[in-house]
Amino acid sequence: MIKFSDLSLNPKVLKAIEEAGYETPTPIQAGAIPAALAGRDVLGIAQTGTGKTASFVLPMITALARGRARARMPRSLVLCPTRELAAQVAENFDTYTKHLKLTKALLIGGVSFKEQDKLIDKGVDVLIATPGRLLDHHERGKLILTDVKVMVVDEADRMLDMGFIPDIERIFGLTPFTRQTLFFSATMAPEIERITNTFLSNPERIEVARQATTGENITQGVLMFKASRKDREATEKRKTLRALIDAEGDKCSNAIIFCNRKMDVDAVAKSLKKYGYDAAPIHGDLDQSQRTKTLDGFRAGELRFLVASDVAARGLDVPAVSHVFNYDVPSHAEDYVHRIGRTGRAGRDGKAIMICTPRDEKNFEDVERLVQKPIPRLDNPLGGAAPADEGPKVTDEASTADKPKRTRTRTRSRKQDTPKEPAAAVETPKPQVEKPAPKATKPAPEKPAEQQTPAPQKSENSNPRGSSSRGRGGSNNRNSNRDDRGGNKVVGLGDHTPGFIEFSFEDREN
Ligand code: AMP
(Lines give C-alpha, C1' and ligand atoms only; values in the text may rest on other atoms or scores of the structure.)
Protein backbone atom coordinates (compact mmCIF):
# COMPACT_ATOMS: atom_id res chain seq x y z
CA MET A 1 0.00 0.00 0.00
CA ILE A 2 1.23 3.45 -0.92
CA LYS A 3 2.39 5.66 1.94
CA PHE A 4 2.53 9.44 2.23
CA SER A 5 6.31 9.19 2.43
CA ASP A 6 6.31 7.62 -1.06
CA LEU A 7 4.68 10.72 -2.52
CA SER A 8 7.62 13.16 -2.76
CA LEU A 9 5.89 15.73 -0.60
CA ASN A 10 7.85 18.38 1.21
CA PRO A 11 9.19 16.92 4.51
CA LYS A 12 7.52 19.72 6.46
CA VAL A 13 4.23 18.87 4.81
CA LEU A 14 4.76 15.20 5.69
CA LYS A 15 5.33 16.19 9.29
CA ALA A 16 2.06 18.13 9.38
CA ILE A 17 0.21 15.16 7.86
CA GLU A 18 1.63 12.89 10.49
CA GLU A 19 0.56 15.28 13.20
CA ALA A 20 -2.92 15.38 11.68
CA GLY A 21 -3.00 11.63 12.31
CA TYR A 22 -3.31 10.49 8.69
CA GLU A 23 -1.72 7.14 8.09
CA THR A 24 -2.27 6.37 4.43
CA PRO A 25 -3.36 8.47 1.48
CA THR A 26 -6.96 8.05 0.39
CA PRO A 27 -7.51 6.86 -3.22
CA ILE A 28 -8.03 10.38 -4.54
CA GLN A 29 -4.83 11.50 -2.80
CA ALA A 30 -2.84 8.53 -4.07
CA GLY A 31 -4.01 9.33 -7.60
CA ALA A 32 -3.91 13.13 -7.62
CA ILE A 33 -0.81 13.97 -5.59
CA PRO A 34 1.85 12.34 -7.82
CA ALA A 35 0.25 13.77 -10.96
CA ALA A 36 -0.03 17.24 -9.47
CA LEU A 37 3.55 17.14 -8.21
CA ALA A 38 4.65 16.20 -11.72
CA GLY A 39 3.01 19.41 -12.92
CA ARG A 40 0.10 17.71 -14.67
CA ASP A 41 -3.43 19.01 -14.76
CA VAL A 42 -5.75 16.88 -12.66
CA LEU A 43 -9.40 16.09 -13.12
CA GLY A 44 -10.63 14.60 -9.86
CA ILE A 45 -14.09 13.12 -9.84
CA ALA A 46 -14.74 12.83 -6.15
CA GLN A 47 -16.91 14.29 -3.51
CA THR A 48 -16.38 15.62 -0.03
CA GLY A 49 -15.37 13.01 2.47
CA THR A 50 -12.91 11.34 0.15
CA GLY A 51 -9.96 13.46 1.26
CA LYS A 52 -10.03 15.51 -1.91
CA THR A 53 -9.06 18.78 -0.19
CA ALA A 54 -5.69 17.39 0.87
CA SER A 55 -5.30 15.89 -2.59
CA PHE A 56 -4.89 19.38 -4.02
CA VAL A 57 -3.60 21.33 -1.03
CA LEU A 58 -0.65 19.01 -0.32
CA PRO A 59 0.97 19.11 -3.77
CA MET A 60 0.14 22.79 -4.08
CA ILE A 61 1.95 23.80 -0.93
CA THR A 62 4.84 21.49 -1.74
CA ALA A 63 5.29 23.34 -5.02
CA LEU A 64 4.84 26.74 -3.38
CA ALA A 65 7.29 26.05 -0.57
CA ARG A 66 9.95 27.53 -2.80
CA GLY A 67 9.55 31.12 -3.94
CA ARG A 68 7.74 34.17 -2.68
CA ALA A 69 4.58 35.99 -3.62
CA ARG A 70 4.58 39.52 -4.96
CA ALA A 71 2.19 42.23 -3.85
CA ARG A 72 -1.31 41.78 -5.26
CA MET A 73 -0.14 38.81 -7.32
CA PRO A 74 -1.11 35.54 -5.65
CA ARG A 75 0.78 32.47 -6.75
CA SER A 76 -2.12 30.10 -6.50
CA LEU A 77 -5.85 30.22 -6.44
CA VAL A 78 -8.51 27.92 -5.00
CA LEU A 79 -12.09 28.59 -6.06
CA CYS A 80 -14.92 27.24 -3.97
CA PRO A 81 -18.68 27.59 -4.48
CA THR A 82 -19.59 28.66 -0.95
CA ARG A 83 -18.08 30.62 1.88
CA GLU A 84 -18.21 27.68 4.22
CA LEU A 85 -16.36 25.47 1.83
CA ALA A 86 -13.76 28.18 1.22
CA ALA A 87 -13.31 28.60 4.97
CA GLN A 88 -12.90 24.86 5.30
CA VAL A 89 -10.23 24.75 2.63
CA ALA A 90 -8.48 27.59 4.45
CA GLU A 91 -8.53 25.55 7.65
CA ASN A 92 -7.04 22.56 5.84
CA PHE A 93 -4.43 24.84 4.41
CA ASP A 94 -3.48 26.04 7.92
CA THR A 95 -3.21 22.47 9.16
CA TYR A 96 -0.94 21.33 6.37
CA THR A 97 1.26 24.44 6.21
CA LYS A 98 1.91 24.75 9.90
CA HIS A 99 5.62 24.06 9.42
CA LEU A 100 5.97 26.16 6.28
CA LYS A 101 6.04 29.89 5.88
CA LEU A 102 3.25 30.36 3.37
CA THR A 103 0.68 33.09 3.41
CA LYS A 104 -2.95 32.89 2.45
CA ALA A 105 -5.97 35.11 2.05
CA LEU A 106 -9.58 34.08 2.17
CA LEU A 107 -11.80 36.14 -0.10
CA ILE A 108 -15.40 35.52 0.75
CA GLY A 109 -18.50 37.63 1.02
CA GLY A 110 -19.50 38.99 4.39
CA VAL A 111 -15.94 39.99 5.24
CA SER A 112 -14.74 43.56 4.77
CA PHE A 113 -12.84 44.37 1.60
CA LYS A 114 -10.40 46.45 3.62
CA GLU A 115 -9.00 43.55 5.60
CA GLN A 116 -8.80 41.40 2.52
CA ASP A 117 -7.10 44.19 0.53
CA LYS A 118 -4.46 44.52 3.21
CA LEU A 119 -3.54 40.85 2.93
CA ILE A 120 -3.50 40.89 -0.86
CA ASP A 121 -1.35 44.00 -0.87
CA LYS A 122 1.27 42.22 1.20
CA GLY A 123 1.35 39.37 -1.30
CA VAL A 124 -0.15 35.94 -0.74
CA ASP A 125 0.94 32.49 -1.78
CA VAL A 126 -2.54 31.03 -1.76
CA LEU A 127 -5.78 32.80 -2.42
CA ILE A 128 -8.91 30.91 -1.45
CA ALA A 129 -12.03 32.53 -2.80
CA THR A 130 -15.59 32.31 -3.91
CA PRO A 131 -15.85 33.38 -7.57
CA GLY A 132 -17.99 36.47 -7.04
CA ARG A 133 -15.80 37.98 -4.37
CA LEU A 134 -12.67 37.24 -6.36
CA LEU A 135 -14.02 39.06 -9.40
CA ASP A 136 -15.10 41.95 -7.20
CA HIS A 137 -11.52 42.37 -6.03
CA HIS A 138 -10.22 42.04 -9.53
CA GLU A 139 -12.62 44.62 -10.88
CA ARG A 140 -11.58 47.03 -8.17
CA GLY A 141 -8.06 46.74 -9.55
CA LYS A 142 -6.77 45.24 -6.34
CA LEU A 143 -5.86 41.85 -7.62
CA ILE A 144 -3.72 40.65 -10.50
CA LEU A 145 -3.96 37.03 -11.51
CA THR A 146 -1.13 36.85 -14.03
CA ASP A 147 1.24 35.21 -11.57
CA VAL A 148 -1.06 32.31 -10.74
CA LYS A 149 0.87 29.08 -11.17
CA VAL A 150 -1.79 26.69 -9.87
CA MET A 151 -5.53 27.13 -10.06
CA VAL A 152 -7.90 24.80 -8.25
CA VAL A 153 -11.61 24.58 -8.96
CA ASP A 154 -13.33 22.73 -6.15
CA GLU A 155 -16.86 21.30 -6.36
CA ALA A 156 -17.32 22.35 -9.96
CA ASP A 157 -20.71 20.67 -10.19
CA ARG A 158 -21.87 22.94 -7.40
CA MET A 159 -20.49 25.92 -9.25
CA LEU A 160 -22.64 24.85 -12.17
CA ASP A 161 -25.73 24.50 -10.00
CA MET A 162 -25.16 27.93 -8.56
CA GLY A 163 -24.65 29.65 -11.88
CA PHE A 164 -20.94 30.30 -11.42
CA ILE A 165 -19.65 28.73 -14.61
CA PRO A 166 -19.44 32.04 -16.52
CA ASP A 167 -17.45 33.47 -13.61
CA ILE A 168 -15.15 30.48 -13.60
CA GLU A 169 -14.56 30.83 -17.32
CA ARG A 170 -13.74 34.48 -16.82
CA ILE A 171 -11.32 33.70 -14.04
CA PHE A 172 -9.63 31.05 -16.16
CA GLY A 173 -9.17 33.77 -18.78
CA LEU A 174 -7.49 36.08 -16.26
CA THR A 175 -4.87 33.53 -15.26
CA PRO A 176 -1.89 32.61 -17.43
CA PHE A 177 -2.29 29.97 -20.06
CA THR A 178 0.67 28.14 -18.57
CA ARG A 179 -0.93 27.62 -15.16
CA GLN A 180 -1.53 24.17 -13.75
CA THR A 181 -5.19 23.33 -13.18
CA LEU A 182 -6.55 20.97 -10.55
CA PHE A 183 -10.24 20.52 -11.12
CA PHE A 184 -12.66 18.64 -8.85
CA SER A 185 -16.26 17.71 -9.32
CA ALA A 186 -18.50 15.06 -7.82
CA THR A 187 -20.19 14.46 -11.16
CA MET A 188 -19.39 15.16 -14.78
CA ALA A 189 -22.35 17.00 -16.25
CA PRO A 190 -21.96 17.87 -19.96
CA GLU A 191 -21.28 21.49 -19.10
CA ILE A 192 -18.50 20.44 -16.72
CA GLU A 193 -17.09 18.17 -19.41
CA ARG A 194 -17.05 21.14 -21.77
CA ILE A 195 -15.17 23.33 -19.28
CA THR A 196 -12.59 20.67 -18.59
CA ASN A 197 -12.08 20.08 -22.31
CA THR A 198 -11.57 23.80 -22.80
CA PHE A 199 -9.36 24.68 -19.86
CA LEU A 200 -7.52 21.54 -18.83
CA SER A 201 -4.60 20.23 -20.75
CA ASN A 202 -4.31 16.46 -21.00
CA PRO A 203 -5.39 16.00 -17.40
CA GLU A 204 -4.78 12.96 -15.24
CA ARG A 205 -8.31 11.77 -14.58
CA ILE A 206 -8.93 10.19 -11.20
CA GLU A 207 -12.36 8.94 -10.32
CA VAL A 208 -13.24 7.61 -6.91
CA ALA A 209 -16.34 5.63 -6.12
CA ARG A 210 -19.45 7.52 -5.23
CA GLN A 211 -20.53 7.37 -1.68
CA ALA A 212 -24.11 6.35 -2.26
CA THR A 213 -23.14 3.25 -4.16
CA THR A 214 -20.36 2.27 -1.82
CA GLY A 215 -21.57 3.62 1.48
CA GLU A 216 -22.56 0.30 2.94
CA ASN A 217 -21.91 1.76 6.35
CA ILE A 218 -24.87 4.14 5.95
CA THR A 219 -28.20 2.60 6.96
CA GLN A 220 -30.95 4.25 4.99
CA GLY A 221 -34.66 4.44 5.60
CA VAL A 222 -37.67 6.37 4.43
CA LEU A 223 -40.95 7.07 6.13
CA MET A 224 -43.86 7.47 3.73
CA PHE A 225 -45.81 10.19 5.47
CA LYS A 226 -49.31 11.42 4.84
CA ALA A 227 -50.86 14.11 6.96
CA SER A 228 -54.31 13.56 8.42
CA ARG A 229 -55.38 16.88 6.91
CA LYS A 230 -53.67 19.08 4.39
CA ASP A 231 -53.64 22.09 6.68
CA ARG A 232 -51.98 19.98 9.35
CA GLU A 233 -49.19 18.73 7.18
CA ALA A 234 -46.39 20.99 8.40
CA THR A 235 -47.25 20.50 12.05
CA GLU A 236 -47.62 16.76 11.76
CA LYS A 237 -44.48 16.46 9.73
CA ARG A 238 -42.48 18.23 12.40
CA LYS A 239 -44.03 16.00 15.02
CA THR A 240 -43.07 12.99 12.96
CA LEU A 241 -39.51 14.27 12.71
CA ARG A 242 -39.33 14.53 16.48
CA ALA A 243 -40.68 11.02 16.83
CA LEU A 244 -38.08 9.72 14.36
CA ILE A 245 -35.34 11.45 16.32
CA ASP A 246 -36.68 10.09 19.60
CA ALA A 247 -36.87 6.60 18.17
CA GLU A 248 -33.14 6.71 17.53
CA GLY A 249 -32.49 7.46 21.20
CA ASP A 250 -28.89 7.79 22.30
CA LYS A 251 -27.65 6.34 19.03
CA CYS A 252 -28.40 9.75 17.57
CA SER A 253 -25.52 11.68 19.07
CA ASN A 254 -25.85 14.49 16.55
CA ALA A 255 -27.56 15.05 13.24
CA ILE A 256 -27.95 17.29 10.27
CA ILE A 257 -31.56 17.83 9.28
CA PHE A 258 -31.96 18.89 5.68
CA CYS A 259 -34.87 20.92 4.39
CA ASN A 260 -35.40 22.01 0.80
CA ARG A 261 -36.45 25.55 1.64
CA LYS A 262 -34.96 28.18 3.86
CA MET A 263 -38.23 28.97 5.51
CA ASP A 264 -38.59 25.33 6.47
CA VAL A 265 -35.06 25.35 7.85
CA ASP A 266 -36.14 28.17 10.14
CA ALA A 267 -39.49 26.63 11.02
CA VAL A 268 -38.04 23.21 11.79
CA ALA A 269 -35.20 24.62 13.88
CA LYS A 270 -37.61 26.82 15.81
CA SER A 271 -40.01 23.99 16.37
CA LEU A 272 -37.28 21.63 17.57
CA LYS A 273 -35.94 24.23 19.94
CA LYS A 274 -39.39 24.87 21.27
CA TYR A 275 -39.76 21.21 22.07
CA GLY A 276 -36.49 21.14 23.93
CA TYR A 277 -34.17 19.83 21.23
CA ASP A 278 -30.78 21.46 20.92
CA ALA A 279 -31.12 22.75 17.36
CA ALA A 280 -30.02 25.71 15.27
CA PRO A 281 -30.58 26.66 11.64
CA ILE A 282 -28.03 27.37 8.96
CA HIS A 283 -28.88 28.87 5.58
CA GLY A 284 -27.75 31.62 3.30
CA ASP A 285 -29.91 34.37 4.79
CA LEU A 286 -28.31 34.17 8.17
CA ASP A 287 -25.62 36.53 9.21
CA GLN A 288 -22.14 35.19 8.48
CA SER A 289 -20.98 35.39 12.08
CA GLN A 290 -24.06 33.48 13.14
CA ARG A 291 -23.42 30.81 10.52
CA THR A 292 -19.85 30.43 11.67
CA LYS A 293 -20.87 30.29 15.31
CA THR A 294 -23.52 27.66 14.63
CA LEU A 295 -21.14 25.54 12.59
CA ASP A 296 -18.35 25.80 15.12
CA GLY A 297 -20.76 24.79 17.85
CA PHE A 298 -21.91 21.82 15.82
CA ARG A 299 -18.37 20.74 15.01
CA ALA A 300 -17.37 21.06 18.65
CA GLY A 301 -20.26 18.85 19.70
CA GLU A 302 -21.94 21.68 21.58
CA LEU A 303 -24.93 21.72 19.25
CA ARG A 304 -26.77 18.48 18.59
CA PHE A 305 -28.99 19.28 15.63
CA LEU A 306 -28.00 21.39 12.67
CA VAL A 307 -30.99 22.22 10.49
CA ALA A 308 -29.64 23.10 7.07
CA SER A 309 -30.34 23.92 3.47
CA ASP A 310 -28.32 22.15 0.79
CA VAL A 311 -26.37 25.20 -0.14
CA ALA A 312 -25.35 26.06 3.40
CA ALA A 313 -24.33 22.52 4.17
CA ARG A 314 -22.62 21.87 0.88
CA GLY A 315 -19.26 20.28 1.27
CA LEU A 316 -19.13 20.85 4.98
CA ASP A 317 -16.78 18.54 6.69
CA VAL A 318 -18.23 17.50 9.99
CA PRO A 319 -16.45 14.25 10.75
CA ALA A 320 -18.71 12.58 13.26
CA VAL A 321 -22.37 12.94 12.38
CA SER A 322 -24.35 9.94 13.54
CA HIS A 323 -27.52 10.77 11.62
CA VAL A 324 -28.86 12.65 8.65
CA PHE A 325 -32.55 13.41 8.55
CA ASN A 326 -34.04 14.44 5.26
CA TYR A 327 -37.05 16.42 6.33
CA ASP A 328 -37.82 16.74 2.63
CA VAL A 329 -36.94 14.51 -0.28
CA PRO A 330 -34.38 16.58 -2.18
CA SER A 331 -35.70 17.85 -5.46
CA HIS A 332 -32.46 16.89 -7.19
CA ALA A 333 -31.65 13.27 -6.58
CA GLU A 334 -27.93 13.96 -6.48
CA ASP A 335 -28.42 16.07 -3.39
CA TYR A 336 -29.54 12.93 -1.61
CA VAL A 337 -26.09 11.49 -2.16
CA HIS A 338 -24.47 14.65 -0.86
CA ARG A 339 -26.78 14.88 2.10
CA ILE A 340 -26.42 11.34 3.34
CA GLY A 341 -22.68 11.57 2.71
CA ARG A 342 -22.52 13.82 5.79
CA THR A 343 -22.89 10.70 7.91
CA GLY A 344 -20.94 7.44 7.86
CA ARG A 345 -17.70 9.24 7.19
CA ALA A 346 -14.20 7.97 7.74
CA GLY A 347 -15.39 4.40 8.18
CA ARG A 348 -17.95 5.17 10.87
CA ASP A 349 -21.49 3.85 10.75
CA GLY A 350 -24.17 6.32 9.87
CA LYS A 351 -27.91 6.47 9.49
CA ALA A 352 -29.94 8.45 6.99
CA ILE A 353 -33.69 8.80 7.52
CA MET A 354 -36.01 10.57 5.14
CA ILE A 355 -39.60 11.73 5.29
CA CYS A 356 -41.49 11.44 2.01
CA THR A 357 -44.88 13.05 1.52
CA PRO A 358 -47.15 12.01 -1.35
CA ARG A 359 -46.06 15.15 -3.14
CA ASP A 360 -42.42 14.03 -2.96
CA GLU A 361 -42.99 10.64 -4.48
CA LYS A 362 -41.70 11.48 -7.91
CA ASN A 363 -38.51 12.93 -6.46
CA PHE A 364 -38.24 9.89 -4.28
CA GLU A 365 -38.40 7.61 -7.32
CA ASP A 366 -35.53 9.61 -8.80
CA VAL A 367 -33.52 9.11 -5.63
CA GLU A 368 -34.07 5.35 -5.65
CA ARG A 369 -33.15 5.24 -9.31
CA LEU A 370 -29.93 7.10 -8.62
CA VAL A 371 -28.82 4.99 -5.69
CA GLN A 372 -29.90 1.92 -7.62
CA LYS A 373 -31.53 0.17 -4.74
CA PRO A 374 -34.78 0.42 -2.86
CA ILE A 375 -34.59 2.43 0.34
CA PRO A 376 -36.23 0.46 3.16
CA ARG A 377 -39.60 1.80 4.30
CA LEU A 378 -39.81 2.68 7.97
CA ASP A 379 -42.78 2.33 10.25
CA ASN A 380 -44.15 5.55 11.59
CA PRO A 381 -42.94 5.74 15.19
CA LEU A 382 -46.20 7.51 15.99
CA GLY A 383 -48.06 4.48 14.72
CA GLY A 384 -50.10 5.06 11.59
CA ALA A 385 -50.89 8.60 10.57
CA ALA A 386 -49.73 11.34 12.85
CA PRO A 387 -52.52 12.60 15.01
CA ALA A 388 -54.10 15.80 13.89
CA ASP A 389 -53.08 17.68 16.97
CA GLU A 390 -49.47 18.16 17.92
CA GLY A 391 -50.68 17.37 21.38
CA PRO A 392 -50.06 19.33 24.49
CA LYS A 393 -46.58 19.28 25.85
CA VAL A 394 -45.53 20.51 29.21
CA THR A 395 -42.88 22.60 27.56
CA ASP A 396 -45.26 24.16 25.15
CA GLU A 397 -48.18 25.51 27.05
CA ALA A 398 -48.32 28.77 25.25
CA SER A 399 -48.57 27.37 21.79
CA THR A 400 -51.22 24.87 22.68
CA ALA A 401 -53.12 27.53 24.54
CA ASP A 402 -53.51 29.81 21.59
CA LYS A 403 -53.31 27.23 18.87
CA PRO A 404 -56.90 26.56 17.89
CA LYS A 405 -57.94 30.17 17.66
CA ARG A 406 -54.91 31.18 15.65
CA THR A 407 -55.06 28.18 13.40
CA ARG A 408 -58.49 29.06 12.22
CA THR A 409 -57.90 32.71 11.59
CA ARG A 410 -54.43 32.34 10.15
CA THR A 411 -55.19 29.51 7.85
CA ARG A 412 -57.95 31.33 6.18
CA SER A 413 -56.34 34.72 5.96
CA ARG A 414 -53.01 33.37 4.73
CA LYS A 415 -54.47 31.21 2.07
CA GLN A 416 -54.26 33.84 -0.61
CA ASP A 417 -50.74 35.05 0.04
CA THR A 418 -48.48 32.41 1.50
CA PRO A 419 -50.48 29.34 2.17
CA LYS A 420 -47.47 27.16 2.63
CA GLU A 421 -46.89 27.60 6.32
CA PRO A 422 -50.15 27.79 8.22
CA ALA A 423 -48.94 25.35 10.79
CA ALA A 424 -45.66 27.13 11.30
CA ALA A 425 -47.58 30.17 12.41
CA VAL A 426 -49.40 28.05 14.90
CA GLU A 427 -46.20 26.56 16.12
CA THR A 428 -44.38 29.80 16.60
CA PRO A 429 -46.57 31.79 18.87
CA LYS A 430 -43.74 33.90 20.15
CA PRO A 431 -40.89 35.71 18.55
CA GLN A 432 -38.32 34.05 20.79
CA VAL A 433 -38.52 30.35 21.06
CA GLU A 434 -35.42 29.50 23.03
CA LYS A 435 -37.11 29.99 26.37
CA PRO A 436 -40.33 28.34 27.40
CA ALA A 437 -43.04 30.68 26.28
CA PRO A 438 -44.98 32.74 28.78
CA LYS A 439 -48.69 32.27 28.66
CA ALA A 440 -49.81 33.96 25.51
CA THR A 441 -52.10 36.84 26.25
CA LYS A 442 -52.34 38.16 22.76
CA PRO A 443 -51.36 36.77 19.40
CA ALA A 444 -47.66 36.93 18.75
CA PRO A 445 -46.38 39.04 15.89
CA GLU A 446 -47.02 37.66 12.46
CA LYS A 447 -44.41 35.53 10.81
CA PRO A 448 -41.28 37.30 9.66
CA ALA A 449 -41.79 39.56 6.74
CA GLU A 450 -40.16 37.36 4.15
CA GLN A 451 -42.67 34.66 4.78
CA GLN A 452 -45.59 37.02 4.53
CA THR A 453 -44.37 39.06 1.67
CA PRO A 454 -42.11 36.87 -0.34
CA ALA A 455 -40.04 39.61 -1.89
CA PRO A 456 -36.57 38.80 -3.12
CA GLN A 457 -34.50 38.18 -0.06
CA LYS A 458 -31.74 40.51 0.84
CA SER A 459 -28.84 38.89 2.44
CA GLU A 460 -25.54 39.46 4.06
CA ASN A 461 -23.99 37.80 1.08
CA SER A 462 -25.41 40.24 -1.35
CA ASN A 463 -22.96 41.73 -3.68
CA PRO A 464 -22.87 45.44 -2.94
CA ARG A 465 -22.84 46.17 -6.62
CA GLY A 466 -25.68 43.83 -7.27
CA SER A 467 -24.80 40.29 -8.08
CA SER A 468 -26.39 40.40 -11.46
CA SER A 469 -24.21 43.19 -12.72
CA ARG A 470 -21.91 40.79 -14.47
CA GLY A 471 -24.83 38.82 -15.68
CA ARG A 472 -23.74 35.90 -13.59
CA GLY A 473 -25.71 32.81 -14.04
CA GLY A 474 -27.10 33.14 -17.51
CA SER A 475 -27.94 29.90 -19.14
CA ASN A 476 -25.99 27.96 -16.57
CA ASN A 477 -28.10 29.18 -13.79
CA ARG A 478 -30.86 26.73 -14.24
CA ASN A 479 -30.63 25.34 -10.76
CA SER A 480 -29.65 28.36 -8.78
CA ASN A 481 -31.17 28.76 -5.37
CA ARG A 482 -32.56 25.35 -5.65
CA ASP A 483 -32.57 24.62 -1.99
CA ASP A 484 -35.30 27.15 -1.63
CA ARG A 485 -37.46 26.20 -4.47
CA GLY A 486 -37.88 22.62 -3.50
CA GLY A 487 -38.85 20.32 -6.26
CA ASN A 488 -42.44 19.84 -5.50
CA LYS A 489 -45.09 20.20 -8.06
CA VAL A 490 -46.62 23.61 -8.04
CA VAL A 491 -50.36 23.71 -7.90
CA GLY A 492 -51.31 27.30 -8.39
CA LEU A 493 -49.47 28.89 -5.56
CA GLY A 494 -50.32 25.72 -3.65
CA ASP A 495 -47.57 24.55 -1.39
CA HIS A 496 -45.00 26.46 -3.18
CA THR A 497 -43.82 29.99 -3.57
CA PRO A 498 -42.66 30.35 -7.15
CA GLY A 499 -38.92 30.32 -7.60
CA PHE A 500 -38.81 33.82 -9.04
CA ILE A 501 -40.31 35.23 -5.89
CA GLU A 502 -37.97 33.38 -3.62
CA PHE A 503 -35.01 34.01 -5.79
CA SER A 504 -32.05 35.44 -3.98
CA PHE A 505 -28.50 35.82 -4.98
CA GLU A 506 -26.80 35.07 -1.76
CA ASP A 507 -26.83 31.32 -2.10
CA ARG A 508 -24.77 31.69 -5.18
CA GLU A 509 -22.19 33.20 -2.94
CA ASN A 510 -20.28 36.36 -3.45
P1 AMP B 1 -12.40 16.11 2.39
O2 AMP B 1 -12.92 15.11 1.42
O3 AMP B 1 -11.24 16.86 1.87
O4 AMP B 1 -13.49 17.01 2.88
O5 AMP B 1 -11.83 15.32 3.67
C6 AMP B 1 -12.65 14.59 4.52
C7 AMP B 1 -11.99 14.33 5.88
O8 AMP B 1 -10.99 13.35 5.77
C9 AMP B 1 -11.32 15.53 6.51
O10 AMP B 1 -11.73 15.58 7.86
C11 AMP B 1 -9.86 15.26 6.43
O12 AMP B 1 -9.19 15.82 7.53
C13 AMP B 1 -9.82 13.76 6.48
N14 AMP B 1 -8.69 13.18 5.73
C15 AMP B 1 -8.17 13.61 4.57
N16 AMP B 1 -7.17 12.81 4.17
C17 AMP B 1 -7.07 11.83 5.07
C18 AMP B 1 -6.22 10.68 5.21
N19 AMP B 1 -5.30 10.38 4.30
N20 AMP B 1 -6.40 9.89 6.28
C21 AMP B 1 -7.34 10.17 7.20
N22 AMP B 1 -8.18 11.23 7.14
C23 AMP B 1 -8.05 12.06 6.09
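Output yes when any residue across the stretch 123-143 is in a loop (DSSP other than H, G, I, E, B), out of contact with any Gly (no Cβ under 6 Å at 6 or more places or on another chain) and among the β-branched types (Val, Ile, Thr), and no when none is. Let's see the steps before the verdict.
Of the stretch 123-143, the ones in a loop (DSSP other than H, G, I, E, B) are 123-125, 130, 140-143.
Next, only the ones that are out of contact with any Gly (no Cβ under 6 Å at 6 or more places or on another chain) stay: 123-125, 130, 140-143.
In the following step, the residues that additionally are among the β-branched types (Val, Ile, Thr) were identified as 124, 130.
Yes, there is a match, as at least one residue in the stretch 123-143 is in a loop (DSSP other than H, G, I, E, B), out of contact with any Gly (no Cβ under 6 Å at 6 or more places or on another chain) and among the β-branched types (Val, Ile, Thr).
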Restricting attention to the stretch 355-373, the residues that are in a loop (DSSP other than H, G, I, E, B) and within 19 Å of residue 341 (Cβ to Cβ) number exactly 2
Any residue that is within 16 Å of the ligand (Cβ to nearest atom), small (Gly, Ala, Ser) and surrounded by fewer than 24 Cβ atoms within 10 Å (Cβ to Cβ) - is there at least one of those in the stretch 169-179? no
Expected single match for over 18 Å from residue 4 (Cβ atoms) and touching a Gly at 6+ places or on another chain (Cβ under 8 Å) among 44, 109 is 109
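Please tell me if residue 264 is in a helix (DSSP H, G or I), touching a residue at least 60 places away in the same chain (Cβ under 8 Å) and either in contact with a Phe, Trp or Tyr (Cβ under 6 Å, 6 or more places away or on another chain) or open to solvent by 60 Å² or more (accessible area, probe 1.4 Å) (or both). Lay out the reasoning, then the answer.
Details: in a helix (DSSP H, G or I): yes; touching a residue at least 60 places away in the same chain (Cβ under 8 Å): yes; either in contact with a Phe, Trp or Tyr (Cβ under 6 Å, 6 or more places away or on another chain) or open to solvent by 60 Å² or more (accessible area, probe 1.4 Å) (or both): no.
When the stated conditions are applied, residue 264 does not pass them.
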Inside the stretch 346-369, the number of residues satisfying the requirement of being open to solvent by 10 Å² or more (accessible area, probe 1.4 Å) and within 16 Å of the ligand (Cβ to nearest atom) is 3
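The values are calculated or read from the model by the stated rules, or taken from the named source; none is laboratory data. It should be emphasised that the depicted structure is a prediction, and the values quoted were computed from it without experimental measurement. FYI the Cβ positions are ideal-geometry reconstructions off the backbone, even for glycines, and counts take in every protein chain you see. Calculation scope for accessible area: heavy atoms of the full protein, side chains included, ligands and nucleic acids excluded. Shrake-Rupley method; radii C 1.70, N 1.55, O 1.52, S 1.80 Å.
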